[in-house]
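The values are calculated or read from the model by the stated rules, or taken from the named source; none is laboratory data. Fair warning: this is a prediction, and the values are worked out from it, not measured in the lab. With ideal geometry, Cβ positions are generated from the backbone for all residues, glycine too; neighbour counts draw on all protein chains shown. These accessible areas exclude ligands, DNA and RNA; they are computed on the full protein's heavy atoms, side chains included. Shrake-Rupley method; radii C 1.70, N 1.55, O 1.52, S 1.80 Å.
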Amino acid sequence: MSKQDGLVFGGAGLGAWLAATAFYAAFGAGVLESAFWFYAINAFAAAAFVTFVFHAAARLRHIKRGKRMLPMLTFAAPGLMASAVVIGQFEALMPAADPVSLGRYGAFLMVLFTALAASAFERAPQKA
(Lines give C-alpha, C1' and ligand atoms only; values in the text may rest on other atoms or scores of the structure.)
Protein backbone atom coordinates (compact mmCIF):
# COMPACT_ATOMS: atom_id res chain seq x y z
CA MET A 1 0.00 0.00 0.00
CA SER A 2 1.43 3.36 -1.02
CA LYS A 3 1.50 6.54 1.04
CA GLN A 4 -1.17 7.99 -1.24
CA ASP A 5 -3.37 4.95 -0.61
CA GLY A 6 -2.88 5.45 3.12
CA LEU A 7 -3.97 9.07 2.86
CA VAL A 8 -6.99 8.15 0.75
CA PHE A 9 -8.12 5.36 3.08
CA GLY A 10 -7.40 7.36 6.25
CA GLY A 11 -9.24 10.42 4.93
CA ALA A 12 -12.18 8.40 3.63
CA GLY A 13 -12.41 6.53 6.93
CA LEU A 14 -12.36 9.73 8.94
CA GLY A 15 -15.02 11.25 6.68
CA ALA A 16 -17.26 8.19 6.92
CA TRP A 17 -16.88 8.11 10.72
CA LEU A 18 -17.66 11.84 10.93
CA ALA A 19 -20.81 11.36 8.85
CA ALA A 20 -21.98 8.42 11.00
CA THR A 21 -21.24 10.24 14.26
CA ALA A 22 -22.88 13.46 13.08
CA PHE A 23 -25.94 11.41 12.10
CA TYR A 24 -26.04 9.84 15.55
CA ALA A 25 -25.49 13.17 17.31
CA ALA A 26 -28.29 14.79 15.31
CA PHE A 27 -30.87 12.01 15.51
CA GLY A 28 -29.70 9.61 18.25
CA ALA A 29 -31.39 10.84 21.39
CA GLY A 30 -34.65 12.02 19.85
CA VAL A 31 -35.33 9.67 16.98
CA LEU A 32 -33.02 6.65 16.83
CA GLU A 33 -33.36 5.65 20.46
CA SER A 34 -37.15 5.96 20.47
CA ALA A 35 -37.66 2.37 19.27
CA PHE A 36 -35.32 -0.62 19.17
CA TRP A 37 -36.12 -1.66 15.61
CA PHE A 38 -35.64 1.88 14.33
CA TYR A 39 -32.30 2.06 16.14
CA ALA A 40 -31.20 -1.34 14.76
CA ILE A 41 -32.20 -0.50 11.19
CA ASN A 42 -30.28 2.77 11.33
CA ALA A 43 -27.22 1.12 12.90
CA PHE A 44 -27.11 -1.39 10.04
CA ALA A 45 -27.74 1.37 7.49
CA ALA A 46 -24.82 3.38 8.89
CA ALA A 47 -22.66 0.25 8.80
CA ALA A 48 -23.66 -0.34 5.18
CA PHE A 49 -22.77 3.28 4.35
CA VAL A 50 -19.31 3.05 5.94
CA THR A 51 -18.65 -0.32 4.29
CA PHE A 52 -19.76 1.10 0.94
CA VAL A 53 -17.33 4.02 1.32
CA PHE A 54 -14.51 1.57 2.08
CA HIS A 55 -15.28 -0.63 -0.91
CA ALA A 56 -15.62 2.38 -3.19
CA ALA A 57 -12.20 3.62 -2.08
CA ALA A 58 -10.72 0.13 -2.52
CA ARG A 59 -12.10 -0.16 -6.03
CA LEU A 60 -10.98 3.33 -7.00
CA ARG A 61 -7.47 2.55 -5.72
CA HIS A 62 -7.53 -0.89 -7.47
CA ILE A 63 -6.90 -2.88 -4.29
CA LYS A 64 -7.54 -6.59 -4.84
CA ARG A 65 -9.89 -8.39 -2.46
CA GLY A 66 -7.15 -10.50 -0.93
CA LYS A 67 -5.07 -7.40 -0.12
CA ARG A 68 -7.70 -5.31 1.70
CA MET A 69 -6.74 -5.99 5.33
CA LEU A 70 -4.16 -3.20 5.69
CA PRO A 71 -6.34 -0.68 3.80
CA MET A 72 -9.28 -1.60 6.07
CA LEU A 73 -7.15 -1.02 9.17
CA THR A 74 -5.98 2.30 7.74
CA PHE A 75 -9.59 3.21 6.96
CA ALA A 76 -10.81 2.29 10.45
CA ALA A 77 -7.95 3.73 12.53
CA PRO A 78 -8.98 7.42 12.48
CA GLY A 79 -12.56 6.53 13.38
CA LEU A 80 -11.49 4.21 16.19
CA MET A 81 -9.22 6.86 17.70
CA ALA A 82 -11.84 9.59 17.34
CA SER A 83 -14.49 7.25 18.80
CA ALA A 84 -12.36 6.79 21.89
CA VAL A 85 -12.22 10.57 22.33
CA VAL A 86 -15.98 10.94 21.82
CA ILE A 87 -16.78 8.13 24.25
CA GLY A 88 -14.38 9.58 26.81
CA GLN A 89 -15.92 13.05 26.51
CA PHE A 90 -19.48 11.98 25.70
CA GLU A 91 -21.25 14.17 28.26
CA ALA A 92 -19.30 17.26 27.21
CA LEU A 93 -19.77 16.65 23.47
CA MET A 94 -23.43 15.60 23.61
CA PRO A 95 -24.86 17.33 26.71
CA ALA A 96 -28.49 16.84 25.67
CA ALA A 97 -28.10 13.07 25.40
CA ASP A 98 -29.29 10.69 28.09
CA PRO A 99 -26.42 8.91 29.94
CA VAL A 100 -27.73 5.61 28.53
CA SER A 101 -26.97 6.96 25.06
CA LEU A 102 -23.27 6.39 25.66
CA GLY A 103 -23.77 2.62 25.57
CA ARG A 104 -26.08 2.88 22.61
CA TYR A 105 -23.56 4.98 20.72
CA GLY A 106 -20.89 2.40 21.57
CA ALA A 107 -23.10 -0.39 20.22
CA PHE A 108 -23.79 1.71 17.11
CA LEU A 109 -20.02 1.95 16.54
CA MET A 110 -19.50 -1.73 17.25
CA VAL A 111 -21.97 -2.69 14.52
CA LEU A 112 -20.30 -0.22 12.18
CA PHE A 113 -16.72 -1.43 12.72
CA THR A 114 -17.70 -5.12 12.83
CA ALA A 115 -19.40 -4.85 9.43
CA LEU A 116 -16.35 -3.07 8.06
CA ALA A 117 -13.96 -5.73 9.39
CA ALA A 118 -16.13 -8.55 8.08
CA SER A 119 -16.18 -7.00 4.62
CA ALA A 120 -12.36 -6.97 4.49
CA PHE A 121 -12.37 -10.79 4.66
CA GLU A 122 -14.67 -11.08 1.65
CA ARG A 123 -13.35 -13.52 -0.92
CA ALA A 124 -13.42 -13.12 -4.65
CA PRO A 125 -16.18 -15.03 -6.44
CA GLN A 126 -15.07 -18.52 -7.44
CA LYS A 127 -15.23 -19.35 -11.12
CA ALA A 128 -16.92 -22.60 -12.02
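Could you work out how far the C-alpha centroid of region 1-42 sits from that of region 74-128, in angstrom?
7
On the protein heavy atoms, probe 1.4 angstrom, tell me the percent of accessible surface of the chain carried by carbon and sulfur.
Roughly 71 percent, rounded to a whole number.
May I ask for the angle, rounded to the nearest 10°, between helix 3-27 and the longest principal axis of the chain, with both axes built from Cα atoms and the value confined to 0 to 90°?
30
How much area per residue is accessible in region 71-114 when the probe is 1.4 Å and only protein heavy atoms are counted (Å²)?
Accessible area per residue, region 71-114: 52 Å².
Which of the listed residues, Ala56, Leu116, Ala84, is farthest toward the dipole's positive end in region 21-128, when Lys, Arg count +1 and Asp, Glu count -1 at the beta-carbon?
Most positive-ward Cα: Ala56.
Taking Cα atoms, how many degrees apart are the long axis of helix 101-120 and the longest axis of the chain, rounded to 10 and kept between 0 and 90?
10
Return the calculated 222 nm mean residue ellipticity for the chain, to the nearest 500 deg cm²/dmol, obtained by summing -39500 (n - 2.57) across DSSP H runs with n ≥ 4 and dividing by the residue count.
Numbers: 5 runs with 94 residues, N = 128.
The per-residue figure over the chain is -25000 deg cm²/dmol.
Taking Cα atoms, how many degrees apart are the long axis of helix 36-60 and the longest axis of the chain, rounded to 10 and kept between 0 and 90?
30
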